[in-house]
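Take a look at the structure set out below.
The values are calculated or read from the model by the stated rules, or taken from the named source; none is laboratory data. Quick caveat, the model's predicted, so the values are computed rather than measured. As a convention, Cβ positions derive from the backbone with ideal geometry for all residues, glycine included, and neighbour counts pool all protein chains shown. SASA here: full protein model, heavy atoms, side chains in, ligands and nucleic acids out. Shrake-Rupley method; radii C 1.70, N 1.55, O 1.52, S 1.80 Å.
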Amino acid sequence: MSRDDGVLLRAEGVALRYGTLPALHGVDVAVAAGTVTAVTGPSGSGKSSLLHCLAGVLRPTGGRVLFEGRDLAALSDRELSAVRARSFGFVFQFGDLVPELTLAENVALPLVLAGQRGRRARGPVLELLARLGIDHLADRRPALVSGGQAQRAAVARALVHRPAVLFADEPTGALDRAAGRLVLAELLALSAERGTAVVLVTHDETVAAAAGRRLDLVDGRLSAGAAR
Ligand SMILES: Nc1ncnc2c1ncn2[C@@H]1O[C@H](COP(=O)(O)OP(=O)(O)OP(=O)(O)O)[C@@H](O)[C@H]1O
């Protein structure tokens, strides 16, 4: 564990450049277990970049990111992949389900990657699909379900291995407002039940207001007053 009580993930002075273009400038963030953090800010302000740095998808060009006290940049590729597979879940705007696999097979992927046999994974997968009201679609491929149903499957896939942190980048951005609110409420309820911390990029003011904490980015910096 980190030296700070309950802090799972910590960004210290995180900076990121794409070539010569600076996207983040010295961002400090601490994410405690079981909390919900909304990352907001105008288009191009660095929200996705910050999420990707926190999740170990992008390596910061300055500062560091610690998960359970370990600097992600100091891990080998194999160790980093193992941390991400075991401890992190991801939901993106367009679900990114594998089109050739059924919903159940998609949701089982994190368990199969962790070494579980497909058949053993089916129990927890179906349970989660039932919680999200889509167990009757378990054996359908993503192309044959609605956008909201596919996004529910993406939420199930992100939580099935009970990760410590769920990273969600505009997870309901492709849905209409009402459907989006519903899926998001389900995502937050399931995460809370499982004690999973959520870091959520959103443009939706209502969603941001409902999160326990809000980080507002402006030009790659946390705006003054943003709670860390
Ligand atoms: N792969 C990339 N290569 C070069 N520049 C990039 C890349 N990804 C993002 N950027 C730039 O970095 C800055 C921050 O982008 P980022 O996607 O993090 O912003 P954002 O706040 O998530 O935006 P949006 O709300 O539009 O998704 C922007 O100026 C963007 O153009």
Considering every residue within the stretch 137-157, establish whether at least one is within 16 Å of the ligand (Cβ to nearest atom) and not polar (S, T, N, Q).
no
Pick out the one residue from Val207, Val199 that is closer than 15 Å to Val36 by Cα, touching a strand residue (DSSP E or B) at 6+ places or on another chain (Cβ under 7 Å), at pLDDT below 90 and crowded, with 20+ Cβ neighbours inside 10 Å.
Val207
Identify the single condition in (1) surrounded by fewer than 14 Cβ atoms within 10 Å (Cβ to Cβ); (2) of a type in the set (D, E, K, R); (3) within 20 Å of the chain's Cα centre (by Cα) that Arg84 does not satisfy, given that it satisfies every other one.
(1)
So which residues in the stretch 173-196 are open to solvent by less than 10 Å² (accessible area, probe 1.4 Å), small (Gly, Ala, Ser) and away from the ligand (no atom under 16 Å from the Cβ)?
Ser191
Select from the stretch 36-51 the residues that are hydroxyl-bearing (Ser, Thr, Tyr) and surrounded by fewer than 20 Cβ atoms within 10 Å (Cβ to Cβ) and write down the one among them that is nearest to the chain's Cα centre (by Cα).
Ser48
Filtering strands (runs of 3 or more DSSP E) wholly in the stretch 13-73 for at least 3 residues that are within 14 Å of the ligand (Cβ to nearest atom) gives 21-32, 36-40
